[in-house]
Amino acid sequence: MNSTDPSPPQKPAEERETSDRASHLAFVAHEIRNPLATALWSAELLGRLSAQDRGGARGDKLARMCLRAILRVRRLVEDHLLAERLDAAGLPVALEAVPLSDLVPADAASIGAPELTIDLEPGALAVTDAGLARRAIEATLFAAARGGAPVRVTGRRGGAAVRIRVEGSPADPADIADRCAGEGNDQHGAVLGLGAARRAALALGGSLVVEESAFVIELPALEPERAPG
């Protein structure tokens, strides 16, 4: 007779967590599968063209389609792997004092925005991992530029934190939550970026929230030295 006790049943909270996790992974798999199929299809068609057609308008169209799909896959995979490493606390974080101006990209084209306005408090320093903070901020800028919206970034120091506010296309709290199977996607591969950004902000001792239809990232600040009394 087998005396091994059966595994204890999962609690309702654990069941919900498992179900949410499975649904999110199904969403990730679906998002990656679609552009990957497009890349494979366009590459296959490109290989079937004659040398003359490959160098012509048809070949150019297929090559651009393949490149867009591959870039979308790369963004999805990078954001998903970043989120996974942050969840597993498997990403080293090196904190240093970084000027806000070094964390916010200044090129509107890099985030797909027609216009990018930046207003940062001079001398404000965040105590952060520069690479990880840039990833989080870029994700919010990219999301704010959806639909060709102009983007405005303001950064101010307040007490022990710096607040970076990103305004553009109206933000919703659901934007920064993990997506689940059946939810909408985008055509740029940035749909996982905000979930990774939320995790990155937490790992840096800060937060990413939505306030009044804008994204707000808080990061620990370097307190200015007090003048001698």
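The values are calculated or read from the model by the stated rules, or taken from the named source; none is laboratory data. Every value quoted in this text rests on a predicted model; they were computed, and no experiment measured them. With ideal geometry, Cβ positions are generated from the backbone for all residues, glycine too; neighbour counts draw on all protein chains shown.
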Mind listing whichever residues of region 80-103 are free of Cβ contacts under 8 Å to residues at least 60 places away in the same chain and charged (D, E, K, R)? Glu84, Arg85, Glu96, Asp102
Which numbered condition Phe215 fails, given (1) modelled with pLDDT of 95 or more; (2) of a type outside the set (Ser, Thr, Tyr); (3) under 16 Å from the mean Cα position of the chain (by Cα); (4) not in a strand (DSSP E or B): (4)
Across region 182-192, what is the number of residues that are surrounded by fewer than 18 Cβ atoms within 10 Å (Cβ to Cβ) and either of a type in the set (Ser, Thr, Tyr) or modelled with pLDDT of 80 or more (or both)? 0
Which of (1) modelled with pLDDT of 95 or more; (2) closer than 20 Å to Ser101 by Cα does Ala145 not meet, given it meets every other one? (1)
What tally of residues in region 76-92 results from selecting those that are in contact with a helix residue (DSSP H, G or I) (Cβ under 7 Å, 6 or more places away or on another chain) and surrounded by 15 or more Cβ atoms within 10 Å (Cβ to Cβ)? 8
Considering only region 35-55, how many residues are surrounded by fewer than 16 Cβ atoms within 10 Å (Cβ to Cβ) and under 30 Å from Asp178 (Cα atoms)? 3
Of everything in region 108-128, what is surrounded by fewer than 17 Cβ atoms within 10 Å (Cβ to Cβ), within 27 Å of Val191 (Cα to Cα) and not small (Gly, Ala, Ser)? Give them in sequence order. Pro114, Glu115, Thr117, Ile118, Asp119
Region 59-75, subset loosely packed, with under 15 Cβ neighbours inside 10 Å and not small (Gly, Ala, Ser), residue farthest from the chain's Cα centre (by Cα): Asp60
Qualifying position, being touching a Pro at 6+ places or on another chain (Cβ under 7 Å) and in the same structural domain as Ser110 (by TED's automatic domain parsing), among Ala144, Ala161: Ala161
What pairs can you find where one residue is in region 203-219 and within 15 Å of Ala143 (Cα to Cα) and in contact (Cβ under 8 Å) with a residue 12 or more places away in the chain, the other is among the aromatic types (Phe, Trp, Tyr) and in a loop (DSSP other than H, G, I, E, B), and their Cβ atoms are less than 8 Å apart, with a gap of 6+ or different chains? none
Region 81-108, residues that are touching a Leu at 6+ places or on another chain (Cβ under 9 Å), among the charged types (D, E, K, R) and farther than 21 Å from Arg163 by Cα: Arg85
Among the numbered conditions (1) under 18 Å from Gly195 (Cα atoms); (2) without any contact (Cβ under 8 Å) to a residue 40 or more places away in the chain; (3) among the charged types (D, E, K, R), tell me where Arg146 comes up short. (2)
Of the residues Ile118, Ile111, only one is more than 16 Å from Leu204 (Cβ to Cβ), in contact with a Leu (Cβ under 6 Å, 6 or more places away or on another chain) and either in the same structural domain as His24 (by TED's automatic domain parsing) or among the aliphatic types (A, V, I, L, M) (or both); which? Ile111
